[in-house]
1. Would you order M10, M1, M149 from fewest to most other beta-carbon atoms within 10 Å of each residue's own beta-carbon?
2. Would you grab the residues whose amide H sits under 5 Å from the one on R107? Only those 5+ places off in sequence or on another chain, please, with H modelled 1.01 Å from N.
3. Could you tally up the Lys pairs in segment 55-169 with alpha carbons closer than 15 Å? Skip any pair fewer than 8 positions apart unless they're on separate chains.
4. Note the angle between two axes, namely the Cα long axis of helix 157-169 and the longest principal axis of the Cα atoms of the chain, as a number of degrees from 0 to 90, rounded to the nearest 10.
5. Just to compare against my own numbers: the Cα pair-distance distribution for segment 55-169, 5 Å bins, whole % per bin, please.
6. Using only helices, what value at 222 nm comes out for the chain when you add -39,500 (n - 2.57) per DSSP H run of length 4 or more and divide by the total residues, to the nearest 500 deg cm²/dmol?
7. Taking the chain as a Gaussian network, where each spring joins two C-alpha atoms under 10 Å apart, which residue of V19, V105, V163 fluctuates the most?
8. Over the chain, what is the relative contact order in percent, taking alpha-carbon pairs closer than 8 angstrom and at least six residues apart?
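All of the numbers you see were taken from the coordinates with simple rules; none came from a lab. Here the structure is a predicted model, which is why all the values come from computation and not from measurement. Please note: Cβ atoms are built from the backbone with ideal geometry, for glycine as well, and neighbour counts cover all protein chains shown.
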Amino acid sequence: MDSFELNKIMGAILGTCLVLLVTNFTAGAIFAPKAPEKPGYEIAVKSSEGEAAKGGAPAAAEPIEKLLQTASAEKGATAAKKCAACHTFEKGGPNRVGPNLWGIVDRDRASEAGFNYSAAMKAKSGKWTYDELNKFLTNPKGYIAGTAMGFAGLPKDSERADVIAYLRSLADKPAPLPTAAK
């Protein structure tokens, strides 16, 4: 190979590099990226800080006493299938991730034998009244901060009332329905 052939090869390589360099500058000028004002992505999250700071769930649109007057235990049984992954409903049924829910209405909180409740649930005294169940099922972590229950809640008033009516039916002697305030 003579020097003339070597010069042609080197010229072709340098010419290609020059074309690539010019193309890169041109593409950079045409497609200049804009740097964001704030790096990263904003993720929209439903805020529950205000609810937790108040110590409870947001007030329901209608009182549970009024909702229970038209609630359906049959619809509640269907809606409660969401709960069946963690809870059992039959009398004397075993505890799972959550306690057995037979006779839950008017039962003391954290009282199911053989179930290890979270410290937050043990600290919250009282009974599971209709109103307490309504508040808890709306937003469990918002109502009892620190509860181990990982369920997001039932935001729909009618669905919550149906589930509570179903839970009421799970007893040898169901608790009387509360009277609706007028």
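1. Details: M10 10, M1 6, M149 19.
In order of increasing Cβ crowding within 10 Å: M1, M10, M149.
2. W128
3. The number of close lysine pairs in segment 55-169 is 9.
4. 50
5. 2, 12, 22, 28, 22, 11, 3, 0
6. Numbers: 8 runs with 78 residues, N = 182.
Here the helix-only value at 222 nm equals -12500 deg cm²/dmol.
7. Checking each option, the largest mean-square fluctuation is seen for V19.
8. On the way: 222 pairs, mean separation 50.6, N = 182.
The value is 28 percent.
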